[in-house]
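The values are calculated or read from the model by the stated rules, or taken from the named source; none is laboratory data. Remember, it's a predicted structure, so these values are computed and weren't measured experimentally. As a convention, Cβ positions derive from the backbone with ideal geometry for all residues, glycine included, and neighbour counts pool all protein chains shown. Areas reflect the complete protein model, heavy atoms only, side chains present, ligands, DNA and RNA absent. Shrake-Rupley method; radii C 1.70, N 1.55, O 1.52, S 1.80 Å.
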Amino acid sequence: MEGPLLRPLPFWRQRSGGLTMNQTDPYHIAVMTHEVVEAFSTVSGLIVDATFGGGGHSRALLAAARDRRILAIDRDPEAASRAEGIEDPRLRFVRGNFADLESLLGGAADDDDGDGRSGGLRGVLFDLGVSSRHLDEPERGFSYHQTGPLDMRMGPDAPHTADDVVNTWSEQQLVDILRSYGEERFARRIAAGIVSARPIEDTRHLADVVASAVPAPARRKRHPARKAFQSIRIAVNGELDALRIGLEAATRLVRPGGRVAVISYHSLEDRIVKRHFASGIAGCTCPPDLPVCTCGRVAEWRSLARKPLRPTDAEVTRNPRSRSARLRVIEKLPPEAA
Ligand SMILES: C[S@@+](CC[C@H](N)C(=O)[O-])C[C@H]1O[C@@H](n2cnc3c(N)ncnc32)[C@H](O)[C@@H]1O
């Protein structure tokens, strides 16, 4: 499945593999699936699912409309083998980092989608972070509840392993990532605890070191190692840089009328998405009393909702991991409106 995209028959001349929505997949339960389908309800042609995971969103998007094809991306080789199980010729999978969206797209956006217009990229979905599979498999090293190797790489392209970060980075580097990627109050104490406990052997050892570094009251609410694990994971995978680069490419490459949707799970991600979207939505920034625009700025996008969408209470009950999800969606305006 890896490698350059093949150019099969256009999807409208092929038979569908009978995809259905799959809400009970133990690999990963897709979050806000109905809202994602709704977000792309006006979009036919090529959609990039930049975070394929277990494929729940790709399946739902394909099941919702025949005149679509999906280029699915994930940096995780396990996601690649999941994609092999989907027998729908409208889906192509390519393994890679969505920061390389433009090159991963290859010629896929040049195909004619059969509606008399040249294809083009019509939509991009990002469902950020890790899949349940990552969290539930101790050997991937993401879980602070289980014993596993200090790995935390989403894929082999990750620039570091958790072992590099935990056992070789300076105390100040650890403080910096704990603060900027975890907004961790006890960054100094945790970094000092990690450095003095080296070598740290595995995820259980790391979770214990973090727990004993924070004051007792901070251990009572949520797991004390939650933010430290988030910080290390973000550093290992270069997640925030990938998001900035991937968003820039998606918003540049989508054609007018197309949509970009992002589901984020913590405030660091959401802030990047919100700011990036706001810069495309903002039109003229001249003072209102100026008779003629002098800034020359025009709105290129419109937002589909003033506030991000959140999962329903019923979804959170069914899938507690959806609790922190926020979905933002924007649509590219036609050039004459821009
Ligand atoms: C929350 S899961 C997506 C779940 C998916 N929407 C589904 O329905 O099963 C996030 C996925 O994105 C992948 N991922 C995260 N950052 C990535 C990046 N920069 N490039 C490619 N894939 C990435 C992870 O490997 C993981 O499989």
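Probing with 1.4 Å while keeping every protein chain in the model, the per residue accessible area of segment 159-237 equals 48 Å². Once the Cβ-Cβ distance of residue 188 and residue 241 is raised to the sixth power relative to R0 = 30 Å, the FRET efficiency obtained is 0.75.
Dipole check for the chain: with +1 at the C-beta of Lys and Arg, -1 at the C-beta of Asp and Glu, and the Cα centre as origin, the magnitude is about 1120 Debye.
Principal-axis analysis of the Cα atoms of the chain puts helix 171-182 at an angle of about 40° to the longest axis.
Here segment 274-314 and segment 140-206 have alpha carbon centers that stand 38 Å from each other. Taken over segment 107-183, the convex hull of the Cα atoms encloses 161 Å³ per residue. Dipole magnitude for segment 159-237: computed about the Cα centre from +1 point charges on Lys and Arg Cβ and -1 point charges on Asp and Glu Cβ, it is near 560 debye.
Counting alpha carbon pairs within less than 8 Å and at least 6 residues apart, what relative contact order, in whole percent, applies to the chain?
16 percent
Centre-to-centre, using Cα atoms only, segment 211-231 and segment 32-84 are separated by 35 Å. So, with a 1.4 angstrom probe, what is the percent of accessible area on segment 159-237 that is carbon and sulfur? Summing carbon and sulfur atoms, their accessible area is 47 percent of the total for segment 159-237. Between 294, 147, 51, the residue with the greatest mean-square fluctuation in the GNM of the chain (Cα pairs under 10 Å linked by springs) is 294. Taking the chain as a Gaussian network of alpha-carbon nodes connected by springs under 10 Å, the highest mean-square fluctuation of the residues 226, 90, 153 belongs to 226. Largest GNM mean-square fluctuation among 290, 71, 125, using the chain with Cα springs under 10 Å: 290.
With the charge dipole of the chain set up from +1 on Lys and Arg Cβ and -1 on Asp and Glu Cβ about the Cα centre, the Cα lying farthest toward the positive end among the listed residues 105, 124, 217 is that of 217. Each residue of segment 145-157 is assigned a 3J(HN,Hα), and the resulting list reads 9, 10, 8, x, x, 7, 10, 6, 7, 6, x, x, 7 Hz, derived from the Karplus form 6.51 cos²θ - 1.76 cosθ + 1.60 (θ = phi - 60°), x at Gly and Pro. Across segment 237-253, rounded Karplus estimates of 3J(HN,Hα) from the backbone phi angles (6.51 cos²θ - 1.76 cosθ + 1.60, θ = phi - 60°) give 9, x, 5, 6, 5, 4, 5, 4, 5, x, 5, 4, 5, 4, 6, 6, 8 Hz, Gly and Pro being marked x.
Relative to the current alpha-carbon distance between residue 278 and residue 137, full extension at 0.36 nm per residue lengthens the span by 47.0 nm. Calculated over the chain, the projected area of the Cα convex hull averaged across directions stands at 19.4 nm². Maximal additional length on extending the residue 66-residue 317 stretch stands at 87.2 nm, based on 0.36 nm per residue less the C-alpha distance. Short-range pairs are left out: with C-alpha atoms under 8 Å and at least six residues apart, the relative contact order of segment 159-237 is 42 percent. Its Cα gyration tensor gives segment 193-253 an equivalent ellipsoid. The semi-axes, each the square root of 5 times an eigenvalue, are 32, 14, 8 Å from largest down. The Cα-based radius of gyration and maximum Cα-Cα distance (Dmax) for segment 216-318 are 18.8, 61 Å.
Our estimate of slack between residue 103 and residue 160, defined as 0.36 nm per intervening residue step minus the Cα-Cα distance, is 18.2 nm. Taking amide H atoms as placed 1.01 Å from N in the peptide plane, the amide H of residue 68 lies under 5 Å from those of 45, each 5 or more residues away in sequence or on another chain. Relative contact order of segment 67-177: 18 percent, from C-alpha pairs under 8 Å at least 6 residues apart in sequence.
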